[in-house]
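*Asks:* For reference, the structure I am asking about is given below.
Taken together, the values in this text are just the output of simple stated rules run on the coordinates, not laboratory data. Please read all numbers here as calculations on a predicted model, not as lab measurements. Every residue, glycine as well, gets a Cβ built from its backbone with ideal geometry; the counts of neighbours run over all protein chains shown.
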Amino acid sequence: MAGIGFRLREMAEKKTFIQWLKLYTFSAVIFAGPWLISIVTLALISAFAIPLMGHEELRVFIVNIVYIYFLSLVTTGVLHLTLSRYVSDQIYMHNSQAIGQVFVGAVALTCAVETIIGALGLFMADLDLFYKFCILGLYVTVCIIWVEMVFLSALKDYLGIVGAFAIGYALSFALGQMLGMSFGLGGLALGFLCGQVLLMGYLMYRVLDEFGIEGGFHVDFLRYLRRYPSLALAGVAYNLAIWIDKVAYWHSPSGIRVQSYFYTHFPYDSAMFIAFLTIIPTLAIFLLRVETDFFWKYKAYYGAIVHRAPFKEILQRKDEMRSVLVSAFKTSLIYQGGITTLAFILMPFLLMLVGIDPALVKVFRVGVVGAFFHGYFLILIILLLYYDFRGVVLFLSTSFLICNAGFSILAIYLGDDFAGFGYLFACAIQCLIGFLMFSNRFRNLEYLTFMRQPVG
Amino acid sequence: MARTDVCFIAEGSYPYVVGGVSTWVHDIISSLKDISFSLVFIGVSKEAQGKIRYELPKNVLEYKEIHLMQPPSFFQRRFSRRKEAFQELEAFIEDLARGDISRAEVMIERFSPGSKDALSPYDIFYGRDFWDILLRTYEKHFDGFSFIDYFWTVRFMMMPLFALLHGDLPEAALYHATCTGYAGLLGVIARLRNNAGFILTEHGIYTNERMIEITQAQWIYREQTDTVVPRRQLGQIQNLWMKKFDLLSRLAYKYADAIFTLYEGNRQMQIQGGAPPEKCEIIPNGIEVDAYEQLYLKRLAASKKAPVVALVGRVTPIKDVKTFIKACKMVQSEVPEARFFILGNKEEDEKYVEECERLIRVLDLQKHVIMTGSVNMREYYPFIDCVVLTSISEAQPFVVLEAMATGIPVVASNVGACMELLEGASAEDQALGRAGFITNIRSPRETADAIIKVLKDQDMARRMGEAGRLRVRRYYQRSRMLGAYEAVYRRFAGVKSKIGEQREIIAEEAG
């Protein structure tokens with residue numbers, strides 16, 4: 001028989017089109033987790049250490065912790081989403097051995113690169129050498145913990161992980177205090193480091209226990225940096241964006257130089273960290289719903305497409321997916337509205353509790369409102385990541401970075417009365433843009449899902 | 001590149017795939033040395049096509065390839081609304097659903113790069129407007145059907161069209177497509193764009209061949225039905241493909257200046273498929289008769305003990321070798337000394353070859369039936385007493401012509417042109433006598449009876465052989481086929497003939 005006619009099948013078979021639709025086992029924990037842990041730690045430290053702030057050595061240590069979280073989030077931000085995409089793809093291909101190998105590779109690489117970055121950061125500081133080593137160790141350990149989080153999120157054992165963190169941090173605080181009492185600053189750092197190392201070791205054990213360590217290691221995921229540059233860039237941009245207002249305040253005229261080139265700002269830092277605490281319960285509950293209820297509907301939606309459902313059924317699944325989101329938004333808005341209002345009203349009282357001058361209430365209140373928008377902005381970004389709208393996420397992260405930097409500088413220029421307004425405006429605007437973009441993408445979900453599949 | 005006289009458009013055949021059509025194209029080009037040719041090969045993809053199997057003759061001045069699964073390169077995004085263009089497209093799609101291709105010309109223009117308000121692959125593969133059209137069409141014609149299959153089927157169907165619309169065409173006075181389908185569409189495009197001539201030769205009928213493929217294709221999704229449906233009933237997607245091929249054939253028939261095929265049966269099918277009867281002509285295949293004269297003489301002189309029966313062809317299901325083997329058993333009970341050969345390639349379908357071997361063992365014929373694999377037929381013809389063909393589908397099989405030219409009586413199933421070949425097409429032709437027996441397909445008994453008659457009645461066998469020889473000499477000479485196409489080229493491309501004598505013959509017949 002002459003003619004091709006149907007030999008196109010070779011193509012059809014090669015790219016079984018049913019398979020193009022991969023469900024990303026994306027997890028909100030990857031994107032939000034490290035920041036939430038940092039903020040809780042920093043808020044707790046800010047709240048409880050304030051009465052001790054007079055203590056010079058403690059102030060140095062706290063400012064170093066802040067810098068550790070700041071730098072570790074921004075630098076490992078390159079990896080969070082890229083690595084998680086890689087892990088997701090390997091899970092999809094049932095290639096758990098590769099996950100174990102790439103885990104070892106990623107940890108080794110992080111260890112090497114972050115040691116250099118950390119060493120460069122500490123090199124010029126006028127600090128005791130032993131203390132420097134402890135801080136460097138702490139920095140690298142925290143970075144590795146962030147990398148571990150990516151792999152842990154695949155296990156979906158959130159309770160176990162939260163428990164591990166709670167114990168790890170409790171140990172850090174306890175050991176830090178113990179050793180700090182007897183050996184001063186160096187002891188404090190060493191004790192804190194010990195707790196973190198134990199936590200890192202335990203998490204490492206969990207990951208390797210799940211995925212195994214046969215067959216050496218590799219850094220195969222690095223090619224994903226080139227394949228999905230938007231993921232790496234978005235990770236860095238977002239993590240830089242959430243710190244940029246603090247950095248701006250550190251270097252503002254009212255910023256305080258604590259030691260060498262380590263700055264802080266009071267009350268801005270504490271206000272922002274503590275204010276963010278008000279959104280965390282809702283955020284956690286919302287994200288839990290995303291991971292459970294929403295994720296099922298999300299799977300059902302793509303499942304309907306892949307399992308050859310008629311278009312009507314696909315639309316039905318989408319409708320169910322939307323109702324879950326709408327109801328999650330509704331309930332969370334009611335609760336969060338209440339919490340935020342309450343925190344806003346009761347702020348002077350809360351500040352008294354932790355020993356902060358109630359006269360500073362304004363910046364805390366601004367922070368609480370900003371955190372409200374920030375929380376929802378974060379949720380929108382996570383939802384966009386679920387649907388793999390990488391370009392939109394990159395756009396939002398970048399514009400958040402620019403907005404937060406620009407408005408914060410403007411607020412600094414306008415004076416202390418406007419402290420926190422930069423952050424508030426940036427978050428509110430981003431939240432609005434994010435919402436518009438998300439609802440637009442969601443409305444056109446089928447079109448985007450089908451028609452953005454490349455031909456050939 | 002200079003404008004050539006004739007541009008051949010070969011889909012999935014010449015120069016990559018060895019077979020009847022390729023041999024035919026190669027013969028025409030290499031024989032008509034005074035005509036300048038260009039050649040377009042339409043393939044699936046660069047990776048899938050293997051090696052070139054024919055050395056292109058010197059008079060092929062330009063050679064191009066179009067790969068259907070090559071993603072379109074023209075992805076220019078246009079932001080102008082072009083609402084009318086999309087409305088037109090949607091109306092055209094509705095036309096197609098009704099089998100109406102009257103607006104095809106306008107649409108080809110619309111999709112051609114550079115035309116005003118052109119629709120680009122971007123519009124079709126990524127654009128919002130086309131997505132809306134897709135949805136509306138789905139609701140109208142496919143509601144309730146697997147959407148993902150619908151979507152990708154449409155995409156798979158559109159992609160080759162863009163490869164053709166945006167493909168690079170050699171310039172020629174006349175385009176000659178070797179089948180309808182994609183080659184036919186390219187011919188139509190060329191004709192409309194270059195204001196050139198377009199003719200079409202179908203060896204097998206494209207839509208029939210696709211029908212066979214589609215019913216056999218396992219990979220196409222078919223919706224599950226609760227009711228019992230006949231196995232031959234096609235699923236919606238299969239129907240869609242068939243519809244596409246049917247429309248492509250209609251389009252080619254509509255725009256072709258002339259339509260050729262090998263024999264009357266195919267011509268009738270083309271007419272059934274929408275070809276205007278006045279455009280349809282028959283140009284049979286031919287062979288180099290003189291080359292068989294020597295074999296004929298050798299055969300007359302050959303002396304051997306046992307009668308030899310041979311099936312010549314690849315061992316594949318389409319040749320229905322099993323029916324032949326069963327017939328062998330029946331023949332053997334009447335003519336115990338007879339020997340049977342299956343002469344042809346054994347590599348194409350190994351599973352089927354195994355099945356045939358098993359059948360031979362079961363029927364206890366190991367000593368009588370021999371499967372040789374590929375052989376040089378010229379060494380075998382002088383010793384064969386009866387050539388058998390049990391195929392379930394053929395066009396105009398060369399093996400029958402060759403057997404006839406060597407003076408061998410033929411037993412052939414009633415497929416393709418076999419009846420015409422063995423019994424004659426015109427009354428004049430029929431007067432030459434029968435060159436063998438026609439049997440029903442899948443009928444071992446009839447086949448065996450015919451073979452037995454041939455083997456037992458030597459006189460009749462000789463008469464049949466002579467009739468066949470005469471018929472081939474008169475109607476199926478290759479020079480005759482070449483002359484006919486040269487005349488066609490002269491008619492439609494203004495090619496000047498230099499083969500004087502043949503020109504006279506053709507002129508006589510044309511007049």
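*Asks:* Could you please rank A:202, A:169, A:131, A:413, placing first whichever residue has the fewest other Cβ atoms within 10 Å of its Cβ?
*Replies:* Starting with the residue having the fewest Cβ neighbours, the order is A:413, A:202, A:169, A:131.
*Asks:* Given the Cα-Cα distance of residue B:364 and residue B:128 and 0.36 nm per residue of separation, how much length would full extension add, in nm? Could the numbers behind the result be given before it?
*Replies:* Numbers: separation 236, 0.36 × 236 = 84.96 nm, distance 6.68 nm.
My answer for the length gained is 78.3 nm.
*Asks:* Follow-up. Please compute the average number of Cβ atoms from other chains found within 10 Å of each residue's Cβ in peptide B:150-159. Kindly include the intermediate steps, with their values, before the conclusion.
*Replies:* Working: counts 3, 7, 9, 2, 0, 6, 6, 1, 1, 4.
Counting other chains' Cβ atoms within 10 Å and averaging over B:150-159 gives 4.
*Asks:* Once each part is reduced to its C-alpha centroid, what is the distance from segment A:122-150 to segment B:321-396 in angstrom?
*Replies:* First find each Cα centre; the distance between them is then 82 Å.
*Asks:* Rank the residues A:76, B:137 as a footprinting-exposure proxy: fewest other Cβ atoms within 10 Å of their Cβ go first. Don't skip to the end; give the middle numbers.
*Replies:* Details: A:76 26, B:137 17.
Least to most surrounded, the residues fall as B:137, A:76.
*Asks:* Next question. Using θ = phi - 60° and the Karplus curve 6.51 cos²θ - 1.76 cosθ + 1.60, what whole-Hz ³J(HN,Hα) does each residue of segment A:333-338 get, with Gly and Pro shown as x?
*Replies:* Each residue's phi maps through the Karplus curve to give 5, 4, 5, 5, x, x Hz.
*Asks:* What residues have an amide H closer than 5 Å to that of residue B:16, excluding those fewer than 5 places away on the same chain, when H is modeled at 1.01 Å from N in the peptide plane?
*Replies:* Residues meeting the amide H criterion: B:53.
*Asks:* Using r as the Cβ-Cβ distance of residue A:92 and residue B:157, and R0 as 35 Å, what FRET efficiency do you calculate, to the nearest 0.05? Please list the in-between numbers first.
*Replies:* Values: r = 29 Å, r/R0 = 0.83.
Result of the calculation: an efficiency of 0.75.
*Asks:* Here's something else I'd like to know. Can you work out the Karplus-derived ³J(HN,Hα) for every residue in segment B:357-369? Use 6.51 cos²θ - 1.76 cosθ + 1.60 with θ = phi - 60°, whole Hz, and x for glycine or proline.
*Replies:* 4, 5, 4, 4, 5, 4, 7, 6, 10, 3, 7, 10, 10
*Asks:* Over chain B, calculate the relative contact order: mean separation of alpha carbon pairs under 8 Å at least 6 apart, over the residue count, as a percent.
*Replies:* Numbers: 878 pairs, mean separation 64.1, N = 511.
The normalised contact order for chain B reaches 13 percent.
*Asks:* Between residue A:218 and residue A:312, what is the label-point separation in nm under the 7 Å Cα-to-beta-carbon projection?
*Replies:* Label-label distance for residue A:312 and residue A:218, simple model: 4.8 nm.
*Asks:* Take every Cα pair under 8 Å in chain A that's 6+ residues apart, average their separations, divide by the length, and report that relative contact order as a whole percent.
*Replies:* Working: 546 pairs, mean separation 86.7, N = 456.
After rounding, I find 19 percent.
*Asks:* Also, I was wondering about something else. Taking amide hydrogens as modeled 1.01 Å from N in the peptide plane, which residues meet the under 5 Å criterion relative to residue B:407, leaving out close sequence neighbours?
*Replies:* Placed amide hydrogens put B:469 under 5 Å from residue B:407.
*Asks:* Additional query: Given a Förster radius of 35 Å and the C-beta distance between residue A:58 and residue A:205 as r, what FRET efficiency does 1/(1 + (r/R0)^6) yield to the nearest 0.05? Mind showing how you got there, number by number?
*Replies:* Values: r = 32 Å, r/R0 = 0.92.
After rounding, the FRET efficiency stands at 0.65.
*Asks:* Just from its helices, what would the mean residue ellipticity at 222 nm be for chain A, if runs of 4 or more DSSP H residues each count -39500 (n - 2.57) and the sum is divided by every residue, rounded to the nearest 500 deg cm²/dmol?
*Replies:* Working: 16 runs with 358 residues, N = 456.
Computed mean residue ellipticity for chain A: -27500 deg cm²/dmol.
*Asks:* Give me the net charge for the shell around residue A:370: Cβ to Cβ below 13 angstrom, other residues only, Lys and Arg +1, Asp and Glu -1.
*Replies:* Numbers: positive: A:246, A:362, A:365; negative: A:245.
Net charge around residue A:370: +2.
*Asks:* Put a dot 7 Å past each Cα toward the Cβ at residue A:296 and residue B:53; how far apart are the dots in nm?
*Replies:* 5.8
*Asks:* By average Cβ neighbour count within 10 Å, what is the ranking of A:60-67, A:279-286 from highest down? Don't jump to the answer; show the numbers that get you there.
*Replies:* Numbers: A:60-67: 22.4, A:279-286: 19.8.
Most protected by this proxy first, the peptides run A:60-67, A:279-286.
*Asks:* Whole-Hz ³J(HN,Hα) for each residue in segment A:394-406, computed from phi via Karplus 6.51 cos²θ - 1.76 cosθ + 1.60 with θ = phi - 60°, x for glycine and proline: what do you get?
*Replies:* 5, 4, 5, 5, 5, 5, 5, 4, 5, 4, 5, 5, x
*Asks:* Which distance in nm do the two modelled labels at residue B:379 and residue B:18 give, with both placed 7 Å along the Cα-to-Cβ direction?
*Replies:* Placing both labels 7 Å beyond Cα along the Cβ direction yields 1.6 nm.
*Asks:* While we're looking at this one, here's another question. Quick one: which residues, 5 or more positions from residue B:437 or on another chain, have an amide H under 5 Å from its amide H? H modelled 1.01 Å from N in the peptide plane, none for Pro or chain starts.
*Replies:* Under 5 Å from the amide H of residue B:437: B:410, B:411, B:412.
*Asks:* Something else about it: What does the highest-first list of A:362-371, A:35-44 look like by mean Cβ count within 10 Å? Intermediate values should be presented prior to the final figure.
*Replies:* Numbers: A:362-371: 23.5, A:35-44: 19.9.
Averaged packing, sorted descending, gives the order A:362-371, A:35-44.
*Asks:* Let me ask another. For chain B, find the longest principal axis of its Cα atoms and tell me its angle to the long axis of helix B:128-141, 0 to 90°, nearest 10.
*Replies:* So the inclination is approximately 50 degrees.
*Asks:* Given the rule -39500 (n - 2.57) for each run of at least 4 DSSP H residues, summed and divided by the residues of chain B, what is its mean residue ellipticity at 222 nm, to the nearest 500 deg cm²/dmol? Walk me through the intermediate numbers first.
*Replies:* Numbers: 21 runs with 247 residues, N = 511.
Result for chain B: -15000 deg cm²/dmol, rounded to the nearest 500.
*Asks:* Continuing with the same structure: Around residue A:427, with a cut-off of 15 angstrom between Cβ atoms, what is the net charge of the other residues, counting Lys and Arg +1 and Asp and Glu -1?
*Replies:* Values: positive: A:246, A:365; negative: A:245.
Counting the neighbours of residue A:427, the net charge comes to +1.
*Asks:* While we're here: Below 23 Å Cα-Cα, how many Lys pairs turn up in chain A? Only count pairs eight or more apart in sequence, or on different chains, if you could.
*Replies:* Close lysine pairs under the 23 Å cut-off: 17.
*Asks:* Further question on the same structure: Round to a whole angstrom and tell me the spacing of the C-alpha centers of segment B:1-73 and segment A:365-396.
*Replies:* 58
*Asks:* Multiply the residue gap between residue A:443 and residue A:353 by 0.36 nm, knock off their C-alpha separation, and tell me the result in nm, one decimal place.
*Replies:* Stretched out fully, the residue A:443 to residue A:353 stretch lengthens by 27.7 nm.
*Asks:* Can I ask one more? For residue A:256 and residue A:113 in the same chain, what is the full-extension length gain: residue separation times 0.36 nm, less their Cα-Cα distance, in nm?
*Replies:* Values: separation 143, 0.36 × 143 = 51.48 nm, distance 2.96 nm.
Taking residue A:256 through residue A:113 to full extension adds about 48.5 nm, to one decimal.
*Asks:* Quote the FRET efficiency, to the nearest 0.05, computed for residue B:298 versus residue B:215 with a Förster distance R0 of 35 Å and r equal to the Cβ-Cβ distance. Could you put the intermediate results ahead of the total?
*Replies:* Details: r = 44 Å, r/R0 = 1.26.
Efficiency, from the Cβ-Cβ distance: 0.20.
*Asks:* For the residues B:434, B:53, what sequence is obtained by ranking on other C-beta atoms within 10 Å, fewest first? Before the final figure, lay out the partial values.
*Replies:* On the way: B:434 18, B:53 13.
Going from least to most buried by this count: B:53, B:434.
*Asks:* Angle, helix A:421-443 long axis vs. longest principal axis of chain A, Cα atoms, 0 to 90°, nearest 10?
*Replies:* 10
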